[in-house]
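Undergrad: One structure, as C-alpha cells, below. Some questions next.
The values are calculated or read from the model by the stated rules, or taken from the named source; none is laboratory data. These numbers come from a predicted model, not from an experiment. A quick note on method: Cβ atoms are made from the backbone with ideal geometry, for glycine too, and the neighbour counts reach across all protein chains shown.
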C-alpha cells in the first residue's frame, strides 16, 4: 500500500541536494477503484446539479441556480480528471480509444446544456428528459467499449 521513499531529493546541484524521506501512496489511494468511484460520484453530482438548474430555470431563486452552477462546474472537472485517471489505469493514456472520445463529446454536450436552460427556460422540460439519455449513452460507451 504505502512505502517510504528514502532518496527523494530536491535541488539540482551534485552532492548539495536536500534529501528527506517522503511517504508516498502508490496503489491504495489512486487505484482504479478510487478513480471509478470518484467518476461515478461526480456523474451523480452533475445530474443532480443539471436537474436543479432545469427546475430552477424559470424561477427567481438566484442562490439556488448559483449553487447548482458551481456544483455543475466542479462535477465536470472531477469527471474529466477521474476519467483520464481511469484511462491511465487501463493503460490507454497514450492512445485514447474512439469510445472515450465519444464519451468526452457527450460530457461536453452536458456541460453546454446549461446555456439553453438559462436562455430559454421553456426548453427545461424537454432538456430534462434528454439529459438522462445522454448520461445513459455515456455509461453504455464506458461499459461496453464498442469502438
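Undergrad: Taking region 117-147 only, how many residues are assigned to a loop (DSSP other than H, G, I, E, B), closer than 24 Å to residue 62 by Cα and either touching a residue at least 24 places away in the same chain (Cβ under 8 Å) or touching a strand residue (DSSP E or B) at 6+ places or on another chain (Cβ under 6 Å) (or both)?
TA: At the first step, the residues of region 117-147 found to be assigned to a loop (DSSP other than H, G, I, E, B) are 120, 145-147.
Then keep just the ones that are closer than 24 Å to residue 62 by Cα; that gives 120.
Subset that is either touching a residue at least 24 places away in the same chain (Cβ under 8 Å) or touching a strand residue (DSSP E or B) at 6+ places or on another chain (Cβ under 6 Å) (or both): none.
Summing the residues that are assigned to a loop (DSSP other than H, G, I, E, B), closer than 24 Å to residue 62 by Cα and either touching a residue at least 24 places away in the same chain (Cβ under 8 Å) or touching a strand residue (DSSP E or B) at 6+ places or on another chain (Cβ under 6 Å) (or both) in region 117-147 gives 0.
Undergrad: Taking residue 112 as meeting all but one of (1) surrounded by 12 or more Cβ atoms within 10 Å (Cβ to Cβ); (2) over 15 Å from residue 40 (Cα atoms), write down the number of the exception.
TA: All conditions are met except number (1).
Undergrad: Surrounded by 17 or more Cβ atoms within 10 Å (Cβ to Cβ) and not in a helix (DSSP H, G or I), is that true of residue 57?
TA: Working: surrounded by 17 or more Cβ atoms within 10 Å (Cβ to Cβ): yes; not in a helix (DSSP H, G or I): yes.
In short, yes.
Undergrad: What are the residues in region 115-136 that are under 19 Å from residue 103 (Cβ atoms) and over 16 Å from the mean Cα position of the chain (by Cα), if any?
TA: Initial filter on region 115-136 (under 19 Å from residue 103 (Cβ atoms)): 130-136.
Within region 115-136, 130, 131, 132, 133 meet the criteria.
Undergrad: State whether one or more residues within region 85-105 are in a loop (DSSP other than H, G, I, E, B), modelled with pLDDT under 90 and either crowded, with 17+ Cβ neighbours inside 10 Å or touching a strand residue (DSSP E or B) at 6+ places or on another chain (Cβ under 9 Å) (or both).
TA: Just the residues of region 85-105 that are in a loop (DSSP other than H, G, I, E, B), to begin with: 90-97.
Checking the rest, the ones that are also modelled with pLDDT under 90 come to 90-96.
If we keep only those that are either crowded, with 17+ Cβ neighbours inside 10 Å or touching a strand residue (DSSP E or B) at 6+ places or on another chain (Cβ under 9 Å) (or both) too, we end up with none.
The answer is no, given that none of the residues of region 85-105 is in a loop (DSSP other than H, G, I, E, B), modelled with pLDDT under 90 and either crowded, with 17+ Cβ neighbours inside 10 Å or touching a strand residue (DSSP E or B) at 6+ places or on another chain (Cβ under 9 Å) (or both).
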